[in-house]
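Quick notes on the structure that follows.
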There are 2 protein chains.
Amino acid sequence: MTLAEVAKAAGVSMPTVSKVLNGRSDVSRVTRAKVEHLLDSHGYRRRTRTPSRSPLVELVFHELDSIWAMELIKGVAQVARANGATVVLTESGTRHTPAPEWLGGVLQRRPMGVVLVFSALPQDVKQQLRTAAIPFVVIDPAGDPDPDVPSVGSANWSGGLAATRHLTAQGHARVAIITGPEDMLCSLARLDGYRSAMAMAGLDVDPRLIRFGDFHVQGGFEQAMSLLDGPDRPTAIFAGSDLQALGVLEAARLKGLNVPRDLSVVGYDDVPLAQWSSPPLTTVHQPLRQMAEQAARMLFRQDEPGEEAQRIELATHLVVRQSTAPRPGGV
Amino acid sequence: MTLAEVAKAAGVSMPTVSKVLNGRSDVSRVTRAKVEHLLDSHGYRRRTRTPSRSPLVELVFHELDSIWAMELIKGVAQVARANGATVVLTESGTRHTPAPEWLGGVLQRRPMGVVLVFSALPQDVKQQLRTAAIPFVVIDPAGDPDPDVPSVGSANWSGGLAATRHLTAQGHARVAIITGPEDMLCSLARLDGYRSAMAMAGLDVDPRLIRFGDFHVQGGFEQAMSLLDGPDRPTAIFAGSDLQALGVLEAARLKGLNVPRDLSVVGYDDVPLAQWSSPPLTTVHQPLRQMAEQAARMLFRQDEPGEEAQRIELATHLVVRQSTAPRPGGV
């Protein structure tokens, strides 16, 4: 289908189709949607006349406050530099999708590609990036990828399994889990890994030992204060994230429990502060920097024909430090 | 002096002067230096024909690993956004100065301004940014500013004084300090603040209680292991940075000392992890985000006539959390 045919089918002029293709803002929302739908449904991408692009890679966060942000920035920056590009950093929108005004800025900046740290992208964002021929990849540590968007995540179920097996192997039978929010797939995958490890060790799971947190220090602290209250407290807690593990350490301190002598604690993420806590955290290493490098590399590969949307999950592994020990009273 | 006169004085053609002004790379290093020196010594800045600039603010770090980096990014991003600009992030060079190849990239990107996290800028970097009419400001938490460059720092001496007075006011007499590296002015300013606070409390300073660290966890840990070894150990340590304070907490744990019951610890910086440590750290708040906002605002103000290079130091203040307590045995 030629552009003239697209213009005819949409009932607009050729210059209007051009404006849509060039991401200009002086086109009505309705017309833009109609033209983009036609372009998209015919698989039109500007392969032949690639627009001049700025040597920029855009990295978009919903909030820079994330403890992950710096590792992701470093990974993208490294691959960008290797490809002669610089990193533009934008912060935008809510937890799940970028804000609409962000898109106008991207179309003007014309970066070589966009790495988004979001779990879902609205249809019109995907469409506009595609018609503007700007490659994009989602880093999705939450594990809830859009099937038609290239994305990079990590192996959450295996991580939950490894964390819990480490504890059961040291004789812990009352093992609690504080996973993340109930509406995030990564929380559920880590919880299922925990359940499988408990089953593999022949241990029953006490439903009172399963808690949902918020992936922040406060959530870990509150759930741990409740878990450690009472006589049949757990001897080990898989804390679901390093920040939640810090909250568990503080709860243990206030309860007069020594970690790891009286309570073993395993984190998740292995962000730099995991090795600086007292005691240093045993934790599941999530390869954040490599995930970001992988995402940025996928941007540059999208120019090669035959590359389709894909999902890559990088492996996680357990890092044993000093917050875990055999069960009190012997294995 | 007109550009024609500059060309004549430098013994080059007008197009060559233009090339230098436009940051083009096809001019020899010697010629560029000669032309720029002439332009600079006659105070030439392209006020009248401001070159078109990209709506970008460039933030340059020597290394993104700094625990400060995220707070600084957030501050610059906020002011950039308020001015319709986006943040470009570059990492470059050694601890003290940006690498030469970085400059070529900046001249091509033509940002609205550059915020550098460095203590010193080489003369030719300053000259090239000035002739290209790209405003720049240095964020210099190390406290060692170049007099002819606008910069933002914070009040290190007052911070050291406040940290130490908090300890002496609680009856501590054997107060140790682990300050930063001996070659950084901020380390010396914090140490002098400590000395003044000790003198104000009528206390002698035992020179064995003064240590120089590296501002990282390991330095704090090693110095604390040595300080806490022996019978006349200090009852309080001003740790010089939050990371060093984390190292002190770990040393205390290994020595079987309870913080704050047996040992009080004060950090410096108040980065987010200070409130997540166990116990949460009493620390000196360094307003990193505000420093970055201030630096970014100064960029936009440099277009206003009459603005000259200036140094701004923002105030620090003590935040009391749970790592400090009255001296064992009573005040």
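Quick look at the numbers
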quantity: Meets criteria (more than 14 Å from chain B (Cβ to nearest Cβ) and not hydroxyl-bearing (Ser, Thr, Tyr)) for residue A:130; calculated: yes
quantity: Subset of region A:67-77 that is facing chain B (nearest Cβ under 9 Å) and either β-branched (Val, Ile, Thr) or open to solvent by 30 Å² or more (accessible area, probe 1.4 Å) (or both) - its residue that is farthest from residue A:292 (Cα to Cα); calculated: A:67
quantity: Residues of region B:50-66 satisfying the condition of being within 9 Å of chain A (Cβ to nearest Cβ) and within 26 Å of residue B:21 (Cα to Cα); calculated: B:54, B:55, B:56, B:58, B:59
quantity: Cross-chain or 6+ apart pairs with Cβ under 6 Å, region A:82-93 first and more than 7 Å from every other protein chain (Cβ to nearest Cβ) and over 15 Å from residue B:114 (Cβ atoms), then of a type in the set (Phe, Trp, Tyr) and surrounded by fewer than 23 Cβ atoms within 10 Å (Cβ to Cβ); calculated: A:83/A:300; A:92/A:102
quantity: From A:256, A:240, residue being assigned by TED's automatic domain parsing to the domain that holds residue A:163 and open to solvent by less than 50 Å² (accessible area, probe 1.4 Å); calculated: A:240
quantity: Hits in region B:138-148 (condition: more than 8 Å from the chain's Cα centre (by Cα) and farther than 11 Å from residue B:312 by Cα); calculated: B:144, B:146, B:147, B:148
quantity: Condition broken by residue A:226, with the remaining ones in (1) at pLDDT 95 or above; (2) on the phi > 0 side of the Ramachandran plot; (3) of a type in the set (Gly, Ala, Ser); (4) open to solvent by 40 Å² or more (accessible area, probe 1.4 Å) satisfied; calculated: (2)
quantity: Subset of region A:160-190 [under 30 Å from residue A:262 (Cβ atoms) and either outside the structural domain of residue A:238 (by TED's automatic domain parsing) or among the charged types (D, E, K, R) (or both)]; calculated: A:165, A:174, A:182, A:190
quantity: Listing of helices (runs of 4 or more DSSP H) fully contained in region B:1-63 that carry 2 or more residues being modelled with pLDDT under 80 and over 30 Å from residue B:82 (Cα atoms); calculated: B:29-41
quantity: Exclusive hit being in contact with a strand residue (DSSP E or B) (Cβ under 7 Å, 6 or more places away or on another chain), aliphatic (A, V, I, L, M) and modelled with pLDDT of 95 or more, set B:217, B:259; calculated: B:259
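Condition check ((1) charged (D, E, K, R); (2) under 31 Å from the mean Cα position of the chain (by Cα); (3) more than 14 Å from residue B:131 (Cβ to Cβ); (4) not assigned by TED's automatic domain parsing to the domain that holds residue B:109) across all residues:
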position: B:8; (1), (2), (3), (4): yes, no, yes, yes
position: B:12; (1), (2), (3), (4): no, no, yes, yes
position: B:17; (1), (2), (3), (4): no, no, no, yes
position: B:28; (1), (2), (3), (4): no, no, yes, yes
position: B:31; (1), (2), (3), (4): no, no, no, yes
position: B:36; (1), (2), (3), (4): yes, yes, no, yes
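The values are calculated or read from the model by the stated rules, or taken from the named source; none is laboratory data. Just so we're clear, the structure is a prediction, and the values are computed from it rather than from any experiment. Note: ideal-geometry Cβ built from the backbone for every residue, glycine included; neighbour counts use all protein chains shown. Calculation scope for accessible area: heavy atoms of the full protein, side chains included, ligands and nucleic acids excluded. Shrake-Rupley method; radii C 1.70, N 1.55, O 1.52, S 1.80 Å.
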